[in-house]
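*Asks:* First the structure, which I've put down as structure tokens, then a few questions once you've had a look.
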Amino acid sequence: MPLVHIVLLPVKADAPQELVDLVVSELNELAVHIPFVVSSRCGRTVTQRGKQYTHAVVVELERPDQLSVYADHPVHQAVLQKIKQIVSEETLAIDFDSV
């Protein structure tokens, strides 16, 4: 049973666009670098419904028990350090089993 990991990012208005673009690109490439990541998508909102959240990330893992391994994976940790440089406040995350 796959696990879906969703994160909402409140990117700062003054975050360097080059760094934001790099973060989005790296998040979209997670499946290339982490074998048990089935898919990953990241993008900027096209509406104002997300309030302070400007970007969303959706990552699908093969199994729920891989979430902690994913969290500690060096590729995830590297992009996480970049995310911390561009967000204005805490991110919002939710994880659920997908059938």
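*Asks:* Within 10 Å of each candidate Cβ there may be at most 10 other Cβ atoms; applying that plus a DSSP loop requirement, which trypsin sites (Lys or Arg not before Pro) in the chain survive? Mind showing how you got there, number by number?
*Replies:* Values: sites: Lys12, Arg41, Arg44, Arg49, Lys51, Lys82, Lys84; in loops: Lys12, Arg49, Lys51.
For trypsin sites (Lys or Arg not before Pro) across the chain that sit outside H, G, I, E and B with at most 10 neighbouring Cβ atoms in 10 Å, the list reads Arg49, Lys51.
*Asks:* Let me ask something additional. Could you compute the net charge surrounding Val4? Neighbours are other residues with a C-beta less than 9 Å from the C-beta of Val4; K and R count +1, D and E count -1. Don't jump to the answer; show the numbers that get you there.
*Replies:* Working: positive: none; negative: Glu60, Asp95, Asp97.
Net charge in that neighbourhood comes out at -3.
*Asks:* Still on this structure, I have one more. Using the alpha-carbon atoms, what tilt in degrees (0 to 90, nearest 10) does helix 17-28 show relative to the longest principal axis of the chain?
*Replies:* 10
*Asks:* Label-point separation (nm) for Val32 and Asp95, each offset 7 Å from Cα along Cα-to-Cβ?
*Replies:* Once both label points are built, they end up 2.5 nm from each other.
*Asks:* Name the chymotrypsin sites (Phe, Trp or Tyr not before Pro) in region 31-99 that are in a loop by DSSP and that have at most 12 other C-beta atoms within 10 Å, would you?
*Replies:* Values: sites: Phe36, Tyr53, Tyr70, Phe96; in loops: Phe36, Tyr53.
Passing both the DSSP loop test and the Cβ count: no residue.
*Asks:* Pick from Val57, Val32, Val20: which residue has the top mean-square fluctuation in a GNM of the chain where Cα pairs under 10 Å get a spring?
*Replies:* Val32
*Asks:* Hey, got the dipole for the chain? About the Cα centre, +1 on K and R Cβ, -1 on D and E Cβ, debye to the nearest 20?
*Replies:* 320
*Asks:* While we're looking at this one, here's another question. So with the 1.4 Å probe, I'd like the accessible area per residue for the chain, rounded to whole Å². Working shown, then result.
*Replies:* Working: 6020 Å² over 99 residues.
The answer is 61 Å² per residue.
*Asks:* Among the lysines, which have Cα under 17 Å from the Cα of Lys51 when same-chain residues fewer than 8 positions away are ignored?
*Replies:* Excluding near neighbours in sequence, the set is Lys12.
*Asks:* Can you compute the helix-only [θ] at 222 nm over the chain? Use -39500 (n - 2.57) per DSSP H run of at least 4 residues, normalise by all residues, nearest 500 deg cm²/dmol. Mind dumping the intermediate values first?
*Replies:* Working: 4 runs with 35 residues, N = 99.
After summing the helix terms and dividing by the residues of the chain, the value is -10000 deg cm²/dmol.
The values are calculated or read from the model by the stated rules, or taken from the named source; none is laboratory data. Given the structure is predicted, the values throughout are model-derived calculations rather than measurements. Please note: Cβ atoms are built from the backbone with ideal geometry, for glycine as well, and neighbour counts cover all protein chains shown. To get the accessible areas, we keep the full protein, side chains included, count just its heavy atoms, and leave off ligands, DNA and RNA. Shrake-Rupley method; radii C 1.70, N 1.55, O 1.52, S 1.80 Å.
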